[in-house]
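What follows is a set of notes on a single structure, which appears directly below.
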Amino acid sequence: MSASDLSQPGAHAPGFESLQQAAEWFAVLGSEDATDADRQRWQAWLDERRENRDAWRYVENVGLQFDTLQPDADDPAVKRALRAANRVTSRRKTLGILAAIGGAGLLGWGAAERAGLRRMALAWAADYRTGVGEIRDFVLPDGTRIWLNTASALDEDFGPTLRLVNLVQGEVLIETAKDAARSFAVDTPHGRLTALGTRFVVRRFDGHASLAVYEGRVEIRTAESGRSLIVESGEQATFTAAEIGSPQPATRAGQAWSRGMLVADNIPLRQLIGELSRYRPGHLGCAPEVAELSVMGTYSLADTDRVLALLEDALPVRIRKTLPWWTTVVAKD
Amino acid sequence: LQSGGRAQVIHSLYSDHHGWLYRFLQRKLGDACDAADLAHDAFLRLLARPCEFDSDEGARAYLSTIARGLCIDLWRRRAIERAYLEALAGQAEATHPSAEHRAIVLETLFQIDAMVRRLPEKVREAFLLYRLHGMAYKDIAAELGVSTRMIKRYMAQAMLHCLLLQAGALEPAGK
């Protein structure tokens, strides 16, 4: 979605209540103390109503007004200009602040970026997206099928020589359609993956990304160091913008989510809970005394409450709901 | 035709009041060029949002309200421009942006200023410190001498103001 689309809020003007809530969310998420739980509740709020998403688009538009002052906080000109701003009298302080930034013509998202606001905003404006707990498949214009895992977003940018998609957030399973004239590639901030085969999963994490190949081969090329590695079918590897980890065997759990299943193959409970929490709005955590319990089984992702109930039956654990969106797995009394 | 009729109304407003408005603005601004520009702008505003007047006094009261808004707008623009150029003057020549870039930056600053102008001072400063300087809430709180909790309230207030402006629920500043 382009910036011009963003500047044209939808036909439905959001009501006062949605705008007020959007402003509140802006204030909550902009804080350095914002937690993942806050962000998940924000996501749930977005998913709740179209009107809320429209209201959030207005927040984005306000942000766009500031974006012309391009980000580059490290420029020494900024620091000089900032000192100049501190010398202006308080009456003219606002003007000084504005001028200092303008003087540098720089700076930008700052705190908003820290809070991941921008990424989240991009994610919901993406061509394909899923909410928390949602798993959906889509067919791209060339016939390629994709499955988007929970809370994921993908932009499609097909050109005459390259079928490029950008994984904005989350995780995607891709089954490419044949096209001899155009190769297929997935961009992440950490590097580009070029499909030499057909079926693979890409997942974004905060500081890295992972690739698991189930059919064919995929080449990783890292964003900064330009390192490359071909990952073969049945292998998986993680990579950062600089480094690529050595390939490991791909687990069958890695693509089970595309069928709505969560496969636990003798994994610690904390890992299962970590995975499960991706599919639920709000916080889902696990007490340290039960974190290392071993779990085995196949669970349906469609109903995470049911999975928790099953765990309660199978393990010496209890599910504690402190608040509607705050759930912890603790030891049974 | 309705549009022909409207053009006629504007035309007669212009011939009846333009001279008066120009003199009014010249007295306020002390500059003939600025006064001519603003008088022109005031009629453009009138074109964009036509009103009917039942008397000359009504028309002149409305025109002078628009003109006063335009004066304030102009003064703020000048003040921002001056502060910006002063900040630039403090920098090495090599880092000076091109004239085109300066124009874009200034226009952006004017727009941002129009957006936040009507906010209470602390709310406005908190919002700008956050949004432009990327400062953390606790640092803004220290800077403005209020609690972090208050900063969060300021942020919500500032954003709601901007959202309502965007949704057309508030009159933009200087219009």
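The values are calculated or read from the model by the stated rules, or taken from the named source; none is laboratory data. Values in this document were obtained by computation on a predicted structure and should not be read as measured data. Note: ideal-geometry Cβ built from the backbone for every residue, glycine included; neighbour counts use all protein chains shown.
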**OP:** Mind listing whichever residues of the stretch A:322-333 are closer than 22 Å to A:THR150 by Cα and either surrounded by 12 or more Cβ atoms within 10 Å (Cβ to Cβ) or touching a Phe, Trp or Tyr at 6+ places or on another chain (Cβ under 9 Å) (or both)?
**Re:** A:TRP325, A:TRP326, A:THR327, A:THR328, A:VAL329
**OP:** Could you check how many residues of the stretch A:12-54 are part of a helix (DSSP H, G or I), within 15 Å of B:ALA167 (Cβ to Cβ) and within 13 Å of chain B (Cβ to nearest Cβ)?
**Re:** 12
Original post:
Yes or no: A:GLU289 in a helix (DSSP H, G or I) and exposed (fewer than 14 other Cβ atoms within 10 Å of the Cβ)?
Top reply: yes
Original post:
When you scan the stretch B:53-142 for helices (runs of 4 or more DSSP H) that lie fully inside it, which ones turn up with 3 or more residues that are modelled with pLDDT under 80?
Top reply: B:56-89, B:99-116
Original post:
Given the residues B:ASP113, B:ASP139, which is the only one that is over 24 Å from B:GLN166 (Cα atoms) and either touching a strand residue (DSSP E or B) at 6+ places or on another chain (Cβ under 8 Å) or within 10 Å of chain A (Cβ to nearest Cβ) (or both)?
Top reply: B:ASP139
**OP:** Keeping to the stretch A:245-259, report how many residues are touching a residue at least 12 places away in the same chain (Cβ under 8 Å) and of a type in the set (D, E, K, R).
**Re:** 1
